[in-house]
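Student: I am attaching a structure below and will ask some questions about it afterwards.
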Amino acid sequence: MILILLGAPGAGKGTQAERLVTEYGLVQLSTGEMLRSEVKSGSELGQKAKEIMESGQLVPDDLIIKMISVRISQESDAEGIILDGFPRTTEQAKALDIMLKEKDLRINHVIQLEVNEEEIVERLSGRFSCTDCGMGYHEKFSAPANKGICDKCKSTNFTRRSDDSPKTLRNRLSAYKEQTALILPYYSTKGCLKSIDGMAEMDIVFDEIKKVIDGD
Ligand code: AP5
């Protein structure tokens with residue numbers, strides 16, 4: 001199964017993808033996570049992407065397409081793949097179609113999580129994660145059970161994403177509106193787009209996504 005999670009920054013793509021991995025045994029491919037790990041390693045791609053990500057712009061299509069195409073090939077035996085944060089432009093969407101066709105795969109669902117800007121700002125200003133295992137949290141909506149201790153690995157080290165700063169977030173939101181939202185009609189025309197209210201509680205959003213998948 002190929003499932004695409006679409007939505008503005010902070011819409012809940014990563015949160016829901018983590019749950020879907022556990023529930024259905026799918027593999028999550030997050031282009032944002034891949035890029036952050038390239039930046040951390042100091043690779044050539046990471047060096048090219050660093051400044052662009054820090055400014056909140058989109059990394060050029062050719063770099064992204066090359067990076068994700070390798071990963072999709074590596075996961076071709078997986079039960080299914082969740083694409084989190086890809087595609088983000090019409091060119092990426094078209095390249096994905098070609099990649100999948102070559103592997104005899106098809107997109108089963110494109111799920112758009114709809115969230116308003118006020119909520120996005122609240123979510124991203126309160127977001128943090130465990131430095132050691134990467135588990136995601138939110139100060140108000142999903143804090144660790146014991147303050148300052150990671151639920152998953154018991155680490156006491158937490159970090160915030162540098163691109164969650166107000167200025168960068170404004171650019172990320174513009175990039176979403178001006179480039180990514182344009183691919184919604186592309187999938188709507190193909191008949192595989194489903195919009196879900198991403199403003200609802202996480203469990204409710206998850207149930208709605210499961211309904212889409214299970215109704216396949
Ligand atoms: P990326 O890492 O993909 O960031 P993003 O799309 O901006 O998405 P986020 O990870 O910020 O949000 P999310 O929707 O996953 O929300 P989350 O679940 O964490 O990309 C980063 C950068 O990399 C881009 O700006 C770009 O430069 C580059 N890039 C990546 N892919 C690219 C591509 N394909 N092409 C070009 N460039 C690319 O939730 C957010 C917070 O809200 C969390 O704290 C969570 O706990 C909370 N939350 C989630 N759901 C709910 C809920 N229902 N109710 C209350 N709180 C909730």
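The values are calculated or read from the model by the stated rules, or taken from the named source; none is laboratory data. Quick caveat: nothing in here was measured; it's all calculated off a predicted structure. Because the Cβ atoms are built from the backbone with ideal geometry, glycine has one as well, and the counts that use them run over all protein chains shown. Just the protein is used for accessible areas: all its heavy atoms, side chains included, with ligands, DNA and RNA removed. Shrake-Rupley method; radii C 1.70, N 1.55, O 1.52, S 1.80 Å.
Student: Considering just Cα atoms, how many Å³ per residue does the convex hull of segment 4-78 enclose?
Tutor: For segment 4-78, the hull spanned by Cα atoms encloses 105 Å³ per residue.
Student: Turning to a different aspect of this structure: Which whole-number percentage describes the relative contact order of segment 65-173, with Cα contacts under 8 Å and a sequence gap of 6 or more?
Tutor: Worked out over segment 65-173, it gives 17 percent.
Student: Moving on to the next point. Give me the accessible area of residue 170, 1.4 Å probe, in Å² rounded to the nearest 10.
Tutor: 150
Student: Treating segment 72-198 as a set of equal point scatterers at the Cα positions, no solvent, please give the Debye-formula log₁₀ I(q)/I(0) at q = 0.09, 0.12, 0.13, 0.17 Å⁻¹.
Tutor: Here the Debye-derived log intensity ratios amount to -0.37, -0.64, -0.74, -1.08.
Student: Could you pull the accessible area for residue 24 with a 1.4 Å probe, rounded to 10 Å²?
Tutor: Taking all protein chains as shown, residue 24 has close to 60 Å².
Student: Here is a follow-up. Per residue, how many Å² of accessible area does the chain show with a 1.4 Å probe? Walk me through the numbers on the way to the answer.
Tutor: Values: 11540 Å² over 216 residues.
Value returned for the chain: 53 Å² of accessible area per residue.
Student: Continuing with the same structure: With a 1.4 Å probe and every protein chain kept in, tell me what percent of the accessible surface of segment 1-131 is carbon plus sulfur.
Tutor: It is 46 percent, rounded to a whole number.
Student: Right, here's the next one. Separation of segment 118-142 and segment 1-78 by C-alpha centroid, Å?
Tutor: 18
Student: Of 163, 77, which has the most accessible area and how do the rest follow, probe 1.4 Å? Provide the component values of the computation, followed by the final result.
Tutor: Working: 163 20, 77 150 Å².
My answer, sorted largest first, is 77, 163.
Student: Give the value in nm², to one decimal: projected area of the alpha carbon convex hull of the chain, averaged over all directions.
Tutor: In nm², the orientation-averaged hull projection of the chain is 11.6.
Student: Another one. Find out how many positive minus negative residues lie around residue 95, taking Lys and Arg as positive, Asp and Glu as negative, among other residues whose Cβ is under 10 Å from that of residue 95. If you can, show how the numbers build up before the last one.
Tutor: Values: positive: 66, 94; negative: 61, 62, 91, 97.
Charge balance in the 10 Å sphere: -2.
Student: If you don't mind, there's one more thing I want to ask. Report the semi-axes of the equivalent ellipsoid for segment 85-152 in whole Å, largest first, where each axis is √(5λ) for an eigenvalue λ of the Cα gyration tensor.
Tutor: Working: eigenvalues 233, 58, 20 Å².
Each semi-axis is the square root of five times an eigenvalue, giving 34, 17, 10 Å.
Student: What range in the chain is the longest one free of GluC sites (Glu not before Pro) that are in a loop by DSSP and have at most 16 other Cβ atoms within 10 angstrom? List each step's numbers first, then the result.
Tutor: On the way: sites that count: 75, 79, 139, 201.
It works out to 1-74.
Student: Kindly report, to the nearest 10 Å², the accessible surface of residue 15 as traced by a 1.4 Å probe over protein heavy atoms only.
Tutor: 60
Student: To continue, here is another question. Tell me, for the chain, which Cys residues have no other cysteine's C-beta sitting closer than 4.7 Å.
Tutor: 192
Student: Expressed as a fraction of 2.2 N^0.38 Å, the rule-of-thumb size for a compact globular protein of N residues, what is the C-alpha radius of gyration of segment 51-135? Show your work: numbers first, answer last.
Tutor: On the way: Rg = 15.6 Å, N = 85, 2.2 N^0.38 = 11.9 Å.
Here the answer is 1.31, to two decimals.
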